[in-house]
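Comments concern the structure below.
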Amino acid sequence: MIPIERHQHILALLEQRGTASITELTDILGVSHMTIRRDVGKLEQEGLLVSVSGGVRSINRLSSEPSHLVKSTLYSDEKSAIGRLAAENIPQQCCIYLDAGTTTLALAKEILHRDDLQIVTNDFEITRLLINSSQCGVIHTGGTLCRENRSATGESAARTLLNLAIDMAFISTSSWDLRGIFTPDERKISVKRAASQVSAKKILLSDSSKFNQAATYMALPLSVFDTVISDNHLPESACAYLTQHGAKVLRGQ
């Protein structure tokens, strides 16, 4: 059986069952553990499955994003650690973009004491926080209201960003893998791409629970990011891949 046929068998099995052990795959396909691990490595690199202890599982695919309220209750310790680490890496007199999200909101809370920054955001909760508690300059993108995530989306928000020159863009995501970052909401794509286009440095902020998940739309390839800031549960294999491809990886404790 040639590799592409083995790959199809593995993916078909995962579609039916969700998980499979390496031993099962060697028995079913009649090849060695080494061959199966090579196949699994190839499929994982392509974002088609996830390696777990002793086996593999199918990729989780998001059909919709949780609301801001729900997201604010999830992985709060990890998000706080990511926010602190990101804040430590913002130089004086910077213009930064904070993408909509609860992890970027955690970063915003860490820079409230500063008065030297120009902060651009499409997030209404971040804007409210900065209005009430910060002396930094603030630019809101405007755009089409997304009530569930309390943010602005669409082409008008993207056009605002395209008129700016940003030093550092802190970009959020609901799902990502070694191919890139994804969204189930097409309206968010143009905003993330515009922020990436006008920013000297692009930093992905994401807790590890979102890694090895996918959604319908790829917003940005992983290769655009200079830095990825996550928590210490992000797999070593992902860190190694990112480092080998030129990205700096920081993990909050």
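Tell me yes or no: at least one residue of segment 3-20 is buried (at least 16 other Cβ atoms within 10 Å of the Cβ), farther than 28 Å from residue 250 by Cα, of a type in the set (Val, Ile, Thr) and touching a helix residue (DSSP H, G or I) at 6+ places or on another chain (Cβ under 7 Å).
Taking every residue of segment 3-20 in turn, at least one turns out to be buried (at least 16 other Cβ atoms within 10 Å of the Cβ), farther than 28 Å from residue 250 by Cα, of a type in the set (Val, Ile, Thr) and touching a helix residue (DSSP H, G or I) at 6+ places or on another chain (Cβ under 7 Å).
Taking residue 96, is it open to solvent by 50 Å² or more (accessible area, probe 1.4 Å), touching a strand residue (DSSP E or B) at 6+ places or on another chain (Cβ under 8 Å), at pLDDT 95 or above and not hydroxyl-bearing (Ser, Thr, Tyr)? Give the derivation first.
Numbers: open to solvent by 50 Å² or more (accessible area, probe 1.4 Å): no; touching a strand residue (DSSP E or B) at 6+ places or on another chain (Cβ under 8 Å): yes; at pLDDT 95 or above: yes; not hydroxyl-bearing (Ser, Thr, Tyr): yes.
In short, no.
Mind listing whichever residues of segment 162-208 are part of a helix (DSSP H, G or I), basic (Lys, Arg) and surrounded by fewer than 23 Cβ atoms within 10 Å (Cβ to Cβ)?
The answer is 187, 193.
Need pairs with beta-carbon distance below 9 Å; first residue within 8 Å of residue 181 (Cβ to Cβ) and within segment 204-232, second of a type in the set (Lys, Arg) and surrounded by fewer than 19 Cβ atoms within 10 Å (Cβ to Cβ); sequence gap 6+ or separate chains.
As it stands, the answer is 218/179; 219/193; 220/193; 222/179, since those pairs meet every condition given.
What single numbered condition from (1) modelled with pLDDT under 95; (2) exposed (fewer than 13 other Cβ atoms within 10 Å of the Cβ); (3) in a loop (DSSP other than H, G, I, E, B) fails to hold for residue 65?
Only one criterion in (1) modelled with pLDDT under 95; (2) exposed (fewer than 13 other Cβ atoms within 10 Å of the Cβ); (3) in a loop (DSSP other than H, G, I, E, B) is unmet by residue 65, namely (2).
Looking only at segment 233-253, filter to residues that are free of Cβ contacts under 8 Å to residues at least 60 places away in the same chain and in a loop (DSSP other than H, G, I, E, B); which one of those is surrounded by the fewest Cβ atoms within 10 Å (Cβ to Cβ)?
Top of the filtered list is 246.
Of all residues in segment 135-153 being open to solvent by less than 20 Å² (accessible area, probe 1.4 Å) and modelled with pLDDT under 95, which is farthest from residue 67 (Cα to Cα)? Explain how you work it out, then say what you get.
Let us first name the residues in segment 135-153 that are open to solvent by less than 20 Å² (accessible area, probe 1.4 Å), namely 136, 141, 146, 149, 151-153.
Add one more test, that the residue is modelled with pLDDT under 95, and what stays is 146, 149.
On the way: 146: 10, 149: 5 Å.
Residue satisfying both the conditions and the ranking: 146.
Of everything in segment 79-131, what is under 20 Å from residue 145 (Cβ atoms), under 17 Å from the mean Cα position of the chain (by Cα) and assigned to a helix (DSSP H, G or I)? Give them in sequence order.
Matches in segment 79-131: 102, 104, 105.
Name the single residue, out of those in segment 79-90 being open to solvent by 30 Å² or more (accessible area, probe 1.4 Å) and touching a residue at least 12 places away in the same chain (Cβ under 8 Å), that is farthest from residue 117 (Cα to Cα).
80
The values are calculated or read from the model by the stated rules, or taken from the named source; none is laboratory data. Keep in mind it's a predicted model, so treat the numbers as computed, not measured. No Cβ is skipped: glycine too gets one built from the backbone with ideal geometry, and neighbour counts run over all protein chains shown. Note: accessible area is taken over every heavy atom of the protein model, side chains too, but ligands, DNA and RNA are not part of it. Shrake-Rupley method; radii C 1.70, N 1.55, O 1.52, S 1.80 Å.
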